[in-house]
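Notes to accompany the following structure.
The values are calculated or read from the model by the stated rules, or taken from the named source; none is laboratory data. All values reported here derive from a predicted model rather than from experimental measurement. Cβ placement follows ideal geometry from the backbone for every residue including glycine, while neighbour counts extend to all protein chains displayed.
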Amino acid sequence: MVKYDKRINILIYVGSFKPPHRGHYKLIKEYIKRYDKIIIIISNKSRPLDPLLKDINRLDLEEMENKLGVKLKSKKEGIEIYKRYINDNKIPNINAEESEKIWSIYLKYLGDKERDKISLIISKKDSPVKLGMSIYNKLDKSKYNVIFLKSEKNKNNKRFGEKVQIIGKYFERINSTDIRELILMKMKDKFYKYLPEELTEEDKLKVWNIVKK
């Protein structure tokens, strides 16, 4: 006799989502058909709009000084000033609260039943992965079948163990750094092309107003 798994299937999707784009939305729209619940965990780290500041530690001292507009004694001092500027919004960036607002706009376009299956959480831990693992460890595995979702580029990352669903054909590969640069350059029409097709013009403008600073 065939035994059926009657456990509740939960998908945990961890990411930066700065900003969430149509690729993220398409993926959720597809996977919600297969899972009883999806938990989207948003990193609490802000991302600068300027692509050169994404990995500020790779800049040399002179480049840091030019980008931050201050004279520095060391790169370490530059990184500390950068972190302070990000927190104080002195550097244009996208933060977790803005990501959450954009996700909320996207999720309006799902059906009521599908939307009720989704939880949006901003990670309070220094890594959203740690929060995902914390949730995983607390759930009763006799009742819940918990799977983590990650991309092909991270498929060899062992942080989630073996309980992994690799993002496949449903994910449109889009570089979020490119999107942030469009926001920095105030290129609204090109930015719109990275939003879900379902969005009305009104909701596209809402998203733009969230990110444009």
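When every residue of the stretch 76-83 is checked against the conditions, none turns out to be surrounded by 15 or more Cβ atoms within 10 Å (Cβ to Cβ) and assigned to a loop (DSSP other than H, G, I, E, B). So how many residues does the stretch 60-83 have that are farther than 16 Å from L49 by Cβ and either touching a helix residue (DSSP H, G or I) at 6+ places or on another chain (Cβ under 8 Å) or of a type in the set (D, E) (or both)? Within the stretch 60-83, residues that are farther than 16 Å from L49 by Cβ and either touching a helix residue (DSSP H, G or I) at 6+ places or on another chain (Cβ under 8 Å) or of a type in the set (D, E) (or both) number 16. Within the stretch 105-127, the set of residues being exposed (fewer than 14 other Cβ atoms within 10 Å of the Cβ) and in contact with a strand residue (DSSP E or B) (Cβ under 8 Å, 6 or more places away or on another chain) comprises just one member, S119. Among the numbered conditions (1) surrounded by fewer than 20 Cβ atoms within 10 Å (Cβ to Cβ); (2) assigned to a loop (DSSP other than H, G, I, E, B); (3) not hydroxyl-bearing (S, T, Y), the only one that E63 does not meet is (2). Among the residues of the stretch 39-55, none qualifies, meaning not one is of a type outside the set (A, V, I, L, M, F, W, C), at pLDDT 90 or above and farther than 27 Å from N87 by Cβ.
Selection within the stretch 12-33: residues that are assigned to a loop (DSSP other than H, G, I, E, B) and within 12 Å of the chain's Cα centre (by Cα). The member of this set that is nearest to Y194 (Cα to Cα) is H21.
Residues in the stretch 120-134 that are touching a Lys or Arg at 6+ places or on another chain (Cβ under 7 Å) and closer than 17 Å to K37 by Cα: L131 only. In the stretch 37-60, the residue that is surrounded by the most Cβ atoms within 10 Å (Cβ to Cβ) out of those that are in contact with a Leu (Cβ under 9 Å, 6 or more places away or on another chain) and in a loop (DSSP other than H, G, I, E, B) is L49. Determine whether the stretch 87-106 contains at least one residue that is part of a strand (DSSP E or B) and closer than 30 Å to R7 by Cβ. The answer is no; no qualifying residue exists.
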